[in-house]
Amino acid sequence: MGEIEDAIERADRESFTRQPPKTLKGQIGYLLKQMGSAKAVAVELGVTADSVNRYRRGARKHARADVASKINDAVRSRWQPMVRKRRQKQAAASGGITVETRARFGYASSAGSTDDGRFRRLTVHLPATYAQRLFDARKAGASDQEMRGIIAEGFKEIYFQDGGGRAAGLSDVTLNDIDYLDLDY
């Protein structure tokens, strides 16, 4: 996963109204309810159905680190899908998204100005149209670079051009060398 995809995942996790199960037995129980059978859970995790049943019964108290990570990821990806969808729908309809980042921004502009990229730390609230475009791109399987382009375009319009009030000659903004990126909606 890329930086943008990771940021969306973190924002989704922050929208949970209840925390997912933390114990191995609880997580396996939840996955069994969601997927219907030990065999289906086993295929998802890359273990045997017998191992899944041992986890469910409590005969095995701890999974290997790689399997524990897969279990955690599988639970979190299925946990409270309606809450996540509702928050994303609200962000795309009216709320927008807040992007906090420290990255190198480069831009092309009119003659006489610099286009050297430099690190900036920005927190910018992007309108709902950018949230909708970002979620649609993610759903369509867009690359991290394409999603960066959407965010960079939003920064250009909202931050650099201040909604059209300044930097009218600014033609292109790029988002490179991301130190960190966090989304909230």
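By the equivalent-ellipsoid construction on the alpha carbon gyration tensor, the chain comes out with semi-axes of 42, 17, 12 Å, ordered largest to smallest. Taken along the Cα-to-beta-carbon direction at a fixed 7 Å, the label points for Val43 and Arg120 span 4.9 nm. What the chain shows is 56 Å² of accessible area per residue, with the surface traced by a 1.4 Å probe over protein heavy atoms. Close amide H partners of Asp172, meaning residues 5 or more places away or on another chain with modelled amide H under 5 Å apart, are Ala108. Considering all C-alpha pairs of the stretch 34-102, those separated by over 17 Å amount to 57%. Taking only Cα atoms, what is the 0 to 90° angle, nearest 10, from helix 144-155's long axis to the longest principal axis of the chain? In the chain, helix 144-155 runs at an angle near 50 degrees to the longest axis. Once the Cα-Cα distance is subtracted from the 0.36 nm per residue extended length, the Asp184 to Gln19 segment shows a gain of 57.6 nm. Are any of the pairs Lys61/Lys139; Lys39/Lys61; Lys61/Lys89; Lys61/Lys85; Lys25/Lys139; Lys39/Lys89 more than 27 Å apart by Cα-Cα distance, and if so, which? Table pairs above 27 Å Cα-Cα are Lys61/Lys139; Lys61/Lys89; Lys61/Lys85; Lys25/Lys139; Lys39/Lys89.
When a 1.4 Å probe is rolled over the protein heavy atoms, the share of accessible surface on the chain that falls to carbon and sulfur comes to 47 percent. Taking Cα atoms, how many degrees apart are the long axis of helix 81-90 and the longest axis of the chain, rounded to 10 and kept between 0 and 90? Value to nearest ten degrees: 10.
The values are calculated or read from the model by the stated rules, or taken from the named source; none is laboratory data. No experiment lies behind these values; they were computed from the predicted model shown. Quick reminder, even Gly has a Cβ in these numbers, built from the backbone with ideal geometry, and neighbours come from all protein chains shown. Keep in mind that these areas ignore ligands, DNA and RNA; they rest on the heavy atoms of the full protein, side chains included. Shrake-Rupley method; radii C 1.70, N 1.55, O 1.52, S 1.80 Å.
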